[in-house]
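Right, one structure below, let's go through it.
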Amino acid sequence: QVQLLESGGGLVQAGGSLRLSCAASGRGLSFNKMSWYRQAPGKRRELVADITSGGTTTYVDSVKGRFTISRDNGQNTVYLQMNDLKPEDTAVYYCNVRWHRWGSTIEYSYWGQGTQVTVSS
């Protein structure tokens with residue numbers, strides 16, 4: 001069974017920084033793409049950034065140059081360093097991991113519980 005432990009959300013002033021972490025665990029599992037999504041009140045959940053097991057990253061245009069996604073494959077942990085935060089970054093941030101069982105090619109998706117990020121102006 002997959003377990004995700006998210007941490008790092010909070011309240012910060014505009015221009016400040018936060019670092020989100022998401023640690024994945026599960027016996028006999030391998031983790032593929034790891035992603036951060038966010039959902040602001042009244043809006044759809046959107047992809048913020050993702051990173052493959054090989055380290056290839058993608059970002060939504062609104063965070064390019066401000067956010068950095070990284071991962072520690074040994075710890076199955078993905079990070080999101082958020083700098084120069086803006087009020088429009090306020091949202092619940094969700095970790096998502098794609099995983100498969102050793103020896104299987106079937107891939108599954110699993111979501112974290114979400115962590116609130118609030119940026120005050």
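Key figures
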{"quantity": "Failed condition for D50, given (1) open to solvent by less than 50 Å² (accessible area, probe 1.4 Å); (2) on the phi > 0 side of the Ramachandran plot; (3) of a type in the set (D, E)", "calculated": "(2)"}
{"quantity": "Matching residues in the stretch 59-72 - criterion: being in contact with a Ser or Thr (Cβ under 9 Å, 6 or more places away or on another chain) and among the β-branched types (V, I, T)", "calculated": "T68, I69"}
{"quantity": "Residues being within 14 Å of E46 (Cβ to Cβ), in contact (Cβ under 8 Å) with a residue 60 or more places away in the chain, touching a helix residue (DSSP H, G or I) at 6+ places or on another chain (Cβ under 9 Å) and not β-branched (V, I, T) - total across the stretch 81-121", "calculated": "0"}
{"quantity": "Failed item, numbered, when T58 is tested on (1) modelled with pLDDT under 95; (2) part of a strand (DSSP E or B); (3) over 18 Å from L4 (Cα atoms)", "calculated": "(1)"}
{"quantity": "Selection from the stretch 3-28 of residues that are hydrophobic (A, V, I, L, M, F, W, C) and crowded, with 16+ Cβ neighbours inside 10 Å", "calculated": "L4, V12, L18, L20, C22, A23, A24"}
{"quantity": "Total residues in the stretch 53-91, condition open to solvent by less than 50 Å² (accessible area, probe 1.4 Å) and farther than 26 Å from S30 by Cα", "calculated": "7"}
{"quantity": "Filter result (among the small types (G, A, S) and open to solvent by 20 Å² or more (accessible area, probe 1.4 Å)) within the stretch 29-47", "calculated": "S30, A40, G42"}
{"quantity": "Extreme residue, nearest to the chain's Cα centre (by Cα), among residues of the stretch 1-49 that are of a type in the set (S, T, N, Q) and closer than 30 Å to W102 by Cβ", "calculated": "S35"}
{"quantity": "Sole exception among (1) touching a Gly at 6+ places or on another chain (Cβ under 8 Å); (2) part of a strand (DSSP E or B); (3) within 29 Å of S104 (Cα to Cα) for V48, by number", "calculated": "(1)"}
{"quantity": "Members of the stretch 18-47 that are closer than 14 Å to A91 by Cα and touching a Ser or Thr at 6+ places or on another chain (Cβ under 8 Å)", "calculated": "L20, A40, L47"}
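For every residue, the table says whether it meets (1) over 12 Å from the mean Cα position of the chain (by Cα); (2) closer than 19 Å to G10 by Cα.
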position	(1), (2)
I51	no, no
F67	no, yes
D84	yes, yes
W99	yes, no
V119	yes, yes
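The values are calculated or read from the model by the stated rules, or taken from the named source; none is laboratory data. As the structure is a prediction and not an experimental result, all values here were calculated from the model. Virtual Cβ from ideal backbone geometry, glycine too; neighbours counted across all protein chains shown. The area values use the complete protein model at the heavy-atom level, side chains included, leaving out ligands, DNA and RNA. Shrake-Rupley method; radii C 1.70, N 1.55, O 1.52, S 1.80 Å.
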